[in-house]
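Peer 1: Just dropping this structure here.
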Amino acid sequence: MPDQADSTVGGRILLDEIEQLRTALEAAIEENDRLAEDRDRLLRRVSALSRDLQTAHAARAEATPAPAAQVREHQNQAEMELRSAFEELQVLTEELELANNSLHHTNQELDARIEERTCQIQEISAALRSTEGSLRTVADLVPDLLWRTDAAGEADWFNQRWFEYTGDYAADPLGKGWIEALHPLDRESALASWAQAIKAGTPCQQQKRIRAADGDYRWFLIRAEPMRDEQGTITAWFAAATDVHEHHIGMEALQQSELRFRTLVEGMPQLVWRAIEGGKWTWSSPQWTRYTGQKEEASHATGWLDMFHPDDRDHAVEAWSRAPDAGSLEFEGRIFHAAEGRYRHFRTLASPVHLPEGPILEWLGTSTDVDDLLQLQAQQEILVKELQHRTRNVMAVVQAVAGRTLKESQSLEQFAERFEDRLQALARVQGLLSRRASGLRVTFDALVREELSALVTLDADGKGRQVTLRGPAGVPLKSALVQTLALALHELATNAVKHGALSQPDGHLDICWEIREPKADEHRLFIDWRESGMKGMRDSDVLPQSDGYGRELIERALPYQLRARTTLGIDAGGVHCTIDVQVPVGDRIGEKIDG
Amino acid sequence: MASQTLQGCRILIVEDEFLLADDLAHVLDDAGATVLGPVPSVRDALELIAGEKAIDFAVLEVNLHGDMVFPVADALVARSVPFVFATGYDEWSLPERFFTVPRLEKPFRPERLSSKLEPLISCGAQQHH
C-alpha cells in the first residue's frame, strides 16, 4: 500500500508540473499575439503613409503647384515621415522575428518536456497498475478476510476470501451489507464499535462471529485501520478479519475450566494452594486468608510457614524435601486460626502436576482441618475406655450383690427372687444413666419415680394410691451417687412392699425432698422417706435386716462413697429414713467424665 | 477360713465402689492383712498415705468416679510401695510409666485374690518366715 501511495503522489506532482508548463506556454502565445497585433498595426500605418506619399507624387507631376517650393517641402516632409515609419517597422519586424524565434524555441522545449513527462506518467501508470495487481493478488491470497470502506464507513471493496468464506449465504456486503454476515448476537456491538471508531478516527479491534458458507459461525479477530492523505484526512478504512476460532473456543473452554476450578476451590472447606518445587507457594485460596488472616501475597514462597505452629515447621519443611521422590506430599501440622486465636490440627496433602513423562510443573495442595476429628477421636478413645471400665465395674458390683444376696438367702428360690430384683434395679439405673441427654445429669425426681414405678402405679403428679412424692423437679445428682442411691431406694421400696407400709391396705409412703443449706458452690439434697399407718408392727418385721444388703447400702455405702449423712429407723407409724447428700450446683456434667 | 498368708502386711485399698471395697477388705482381712482404708477418693488416699508411716502394699482402682488414681500411684512410687491396679482398663489406657504395674482385672474372685497378691508382696512378717 505505501508504494502505491508514493507512486500516486509522484504522479500528481508530475501532472502539476505539466499544468504549470501549459500555463507558461499560453502566456507566451498571448504575448506573441500581442506582438503580432502591434506589427499589423504598424504595417497598416506604413501602407497608409505609402499611399499618402504616392498621392503627393502624383499631385506634383500633374500640376505644377504654384509655390513649387511649398510642394517640395510638403513632399520632403512626407518622405521623412515615411522613412521614420519604415525604420520603426524595421525595428518592430526585427523584434517580432526575435519573439517568434523565442516562441518557437519555447514551444519546442515545452513539447520535449511534455513528451518526457508523459513518458514518465505512462511508466508510473504501468507500475501502478502492476502494483495494484500484485496487491489484489496478495489480498486474495491471504487467509484473512479483507475489505475497504470509504471515510464514512461504507464498504466498497472485499477480497476474494470474503466471498469464498461467506459463500452464497452472504448478502451483498457493500455499504453496510457485511453486517448480515455477523452473528445476530454480535451485530449490535459490532455496529456500535465501528461507528465509534469512525467518529474517533482511531483503529478498532474486536472479536466477532462471522458466518461461513456452511452456515456455521466462526470467531474472527477484526481490525480496522484508517488510511489518511497528506493533510491527515481519513480517505478510507481497511479492515482485516483473522480466523481465531480455535483459539477463542480454547480460551473460552479455559476460562470456563478456570471458573469451574475457582468455584470448586473457593467453595470447598479445605484451604487450597498451589506451589512450585520446594514448597514455594504461588497461590492460595481466599479460605487461607479468611482462616489464618495472612494476606494471599504474604503466603507466597514459604510465607505460609509463618502460619504453622513453630513446633511443626521443621516437620513441614522436611515433608517437602521428601515430596519429589515420594511423588506426593503428606504431613500433619497445626495452622493458626485467626478467629479463635489458636492453632488447629490440619492434614496437608498435595499432588504434583506434570505432563505425561514430563517433569513436575507444580503442586496442587489442600490443608484440611482435622482438629474436630482428632478431638472426636480422643473423646471416642476416652469413651471406649470408660465403657470398658464401667462394664467391668458393673460386673464386679453384680458379683458383690450376688455374694451378699447369697449370704442372706435361706434357699435357692429366695436367692433367685431377690437377686433378680436387684439385677433389674441395677439394669434400670444403667438405663437411666445411658438414656440421659449427653452432658446432662440424672435428676433425683427421675430416679425416685423410676424406682417406685417398678413396684407401684404413679400418676403424673407423683401420686399413687398409697404413695406421695413431693419435692422440686430437676435436682441434679452426682454420677457417683446415682447407682448406689438407686440401689438403696430399691431396697427401701422392696422392703415397704413386702414388709412395710405398702404391705398393708391403710399404710402410706411419703417421700419428700428439698434443697438445704444452699451455698454458691454447694447444695445439699435432703430426702425424707416416711412410712405410716402400720398396725401391729414389730421392728424386726418391718425394718431391713440389720446385717442385710439394704441397710448396708444406706448406712455404709452412701456415707463411704459420698460422705452422705443417713439415718434409718422406726417411727410411730413405720420405717423412717433420711439421706442428706451433697449435689452439684449445675445440671451439666463438668469437664471430666464421672465414673 | 483362708490361710493367713498376708499376716502382718499393711495393705491400702483405694476403691470408690463401696461393695467392692468392702469385699476386698474382708478378703485381705481374712488373709491376715491389716487393711488401711478403704478410701474412695484421690484426696482421701493422699491424706491417708501422708499420715501413715508403714504401708507394705496397695490395691488401687484406676478410675475413682472420674478422677484418675495416678497421683496416688506416684506418691506410692515415691515411697517405693508396690501396688496393683484393680481395674477394668486395659494396659493401653494407662500412662506409659505404669505399663509395668501388675493389673488385677475386674471382676476378680475375692477368694483367689490373696494368692495372686502374695508373689508381689514382701512385707515384714513374710520376710521373717
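The values are calculated or read from the model by the stated rules, or taken from the named source; none is laboratory data. All figures in this text were calculated on a predicted structure; none of them were measured in a lab. Methodologically, a virtual Cβ is constructed for each residue, glycine included, from the backbone with ideal geometry; neighbour enumeration extends over all protein chains shown. Please note that ligands, DNA and RNA were not included when accessible areas were found on the heavy atoms of the full protein model with its side chains. Shrake-Rupley method; radii C 1.70, N 1.55, O 1.52, S 1.80 Å.
Peer 1: Given axes a ≥ b ≥ c from the Cα gyration tensor, I'd like to know whether chain B is rounded (a/c under 1.5), prolate (a/b larger than b/c) or oblate.
Peer 2: It is rounded, given that a/c, with a ≥ b ≥ c, falls under 1.5.
Peer 1: Something else about it: Hey, what's the per residue convex hull volume over the C-alpha atoms of the range A:432-484, in cubic angstrom?
Peer 2: Convex hull of Cα atoms, per residue: 90 Å³.
Peer 1: Normalised by the empirical 2.2 N^0.38 Å for globular proteins, what value does the Cα Rg of chain A take?
Peer 2: Dividing the Cα radius of gyration by 2.2 N^0.38 Å gives 2.56.
Peer 1: Let me ask something else about it. Mind grabbing the accessible area of B:His26 for me, 1.4 Å probe, Å², rounded to tens?
Peer 2: Looks like 90 Å² after rounding.
Peer 1: I would also like to ask the following. Give the average, rounded to an integer, of partner chain Cβ atoms located within 10 angstrom of each Cβ in B:18-30.
Peer 2: The shielding value for this peptide is 4.
Peer 1: Working out 0.36 nm times the residue gap between A:Ala36 and A:Glu109, then minus their Cα-Cα distance, what length gain in nm do you get to one decimal?
Peer 2: Here the answer is 24.1 nm.
Peer 1: Quantify how strongly other chains surround peptide A:555-562 by giving the mean number of their Cβ atoms within 10 Å of each of its Cβ atoms.
Peer 2: Counting other chains' Cβ atoms within 10 Å and averaging over A:555-562 gives 4.
Peer 1: Under the rule of at least 5 residues apart or a separate chain, name every residue whose amide H is placed under 5 Å from the amide H of A:Phe220.
Peer 2: A:Lys208, A:Arg209, A:Ile210, A:Val244
Peer 1: Evaluate the distance, in nm, between pseudo-label points positioned 7 Å from the Cα of A:Arg565 and of A:Glu225 along their respective Cα→Cβ axes.
Peer 2: Placing both labels 7 Å beyond Cα along the Cβ direction yields 10.9 nm.
Peer 1: For the range A:358-451, what does the alpha-carbon gyration tensor say about shape, rounded, prolate or oblate, given a ≥ b ≥ c as the root eigenvalues, a/c under 1.5 as rounded, and a/b over b/c as prolate?
Peer 2: It comes out prolate by the Cα gyration axes.
Peer 1: If we count trypsin sites (Lys or Arg not before Pro) as exposed when they sit in a DSSP loop and have at most 14 other beta carbons within 10 Å, what is the longest stretch of chain A that avoids them all?
Peer 2: A:1-175
Peer 1: Now for a separate question. Of the listed pairs B:Lys53/B:Lys116; A:Lys519/B:Lys53; A:Lys385/A:Lys478; A:Lys463/A:Lys498; A:Lys407/B:Lys53, which have alpha-carbon separations greater than 29 Å here?
Peer 2: A:Lys519/B:Lys53; A:Lys407/B:Lys53
Peer 1: Give me the percent of the accessible area of the protein assembly as shown that comes from carbon and sulfur atoms, probe 1.4 Å, all protein chains in place.
Peer 2: So the carbon and sulfur contribution to the accessible surface is 53 percent.
Peer 1: How far is the Cα center of the range A:163-224 from the Cα center of the range A:371-447, in Å?
Peer 2: Cα centroid of the range A:163-224 versus Cα centroid of the range A:371-447: 86 Å apart.
Peer 1: When the Cα atoms of the range A:279-356 are enclosed in a convex hull and the volume is divided per residue, what value in Å³ results?
Peer 2: Output value, Cα hull per residue: 89 Å³.
Peer 1: Keeping all protein chains in the complex and leaving out DNA, RNA and ligands, what accessible area do you get for B:Leu48 with a 1.4 Å probe, in Å² to the nearest 10?
Peer 2: 40 Å²
Peer 1: Kindly tabulate the residues in the range A:471-485 with an accessible-area decrease of at least 20 Å² between the chain alone and the assembly of all protein chains, using a probe of 1.4 Å.
Peer 2: A:Ala480
Peer 1: Just the number, please: buried accessible area between A and B, total of both chains, 1.4 angstrom probe, nearest 100 square angstrom.
Peer 2: Roughly 2600 Å².
Peer 1: Using amide H atoms built in the peptide plane, which far-off residues or other-chain residues are under 5 Å from B:His65 H to H?
Peer 2: Residues meeting the criterion, in which the H sits 1.01 Å from N, are A:Gly595.
Peer 1: I'd like the GluC sites (Glu not before Pro) in the range A:180-255 restricted to DSSP loop residues with at most 12 other Cβ atoms within 10 Å, sorted by number.
Peer 2: A:Glu230
Peer 1: What are the ³J(HN,Hα) values, in whole Hz, obtained from phi via the Karplus relation 6.51 cos²θ - 1.76 cosθ + 1.60 with θ = phi - 60°, for each residue of the range A:341-355 in sequence order, with x given for Gly and Pro?
Peer 2: Along the range A:341-355, the couplings run x, 8, 8, 10, 6, 10, 9, 10, 10, 8, 10, x, 10, 8, 6 Hz.
Peer 1: Using 0.36 nm per residue of separation minus the Cα-Cα distance, give me the extension gain between A:Ser102 and A:Ala253 in nm, one decimal.
Peer 2: 46.0 nm
Peer 1: Using a Debye calculation, one point per C-alpha and no hydration shell, please list log10 I(q)/I(0) for the range A:74-190 at q = 0.10, 0.12, 0.17, 0.22 Å⁻¹ in order.
Peer 2: -0.61, -0.72, -0.96, -1.18
Peer 1: Report ³J(HN,Hα) in whole Hz for each residue of the range A:139-152, in order, from the Karplus equation J = 6.51 cos²θ - 1.76 cosθ + 1.60 where θ = phi - 60°; Gly and Pro get x.
Peer 2: 4, 7, 7, 5, x, 6, 8, 10, 8, 10, 10, 7, 4, 8
Peer 1: Looking at the range A:190-305 from every direction and averaging, what is the projected area of its Cα convex hull in nm²?
Peer 2: Approximately 13.1 nm², given one-decimal rounding.
Peer 1: Per residue, what accessible area does the protein assembly as shown have, given a 1.4 Å probe and all protein chains present, in Å²?
Peer 2: With all protein chains present, the protein assembly as shown gives 55 Å² per residue.
Peer 1: Just flag the GluC sites (Glu not before Pro) in the range B:1-82 sitting in loop per DSSP whose Cβ has no more than 14 other Cβ atoms within 10 Å.
Peer 2: Loop-located and lightly packed - B:Glu52.
Peer 1: Average partner chain C-beta neighbours within 10 Å, per residue of B:101-108?
Peer 2: The per-residue average across the peptide is 3.
Peer 1: Now for a different question. Using a Cα-Cα cut-off of under 21 Å, which lysines could be cross-linked to A:Lys295, ignoring same-chain neighbours fewer than 8 residues away?
Peer 2: A:Lys280
Peer 1: Sticking with this structure for a sec: How would the range A:402-505 be classified by its alpha-carbon gyration tensor: rounded, prolate or oblate, with rounded meaning a/c under 1.5 and the a/b versus b/c comparison settling the rest?
Peer 2: oblate
Peer 1: Only counting protein heavy atoms at a 1.4 Å probe, give the residues of the range A:369-397, ordered by number, whose accessible area falls by 20 Å² or more when the other protein chains are present relative to the chain alone.
Peer 2: Relative to the lone chain, where solvent access is computed with a 1.4 Å probe, the range A:369-397 loses at least 20 Å² at A:Lys385, A:Glu386, A:Gln388, A:His389, A:Arg392, A:Asn393, A:Met395, A:Ala396, A:Val397.
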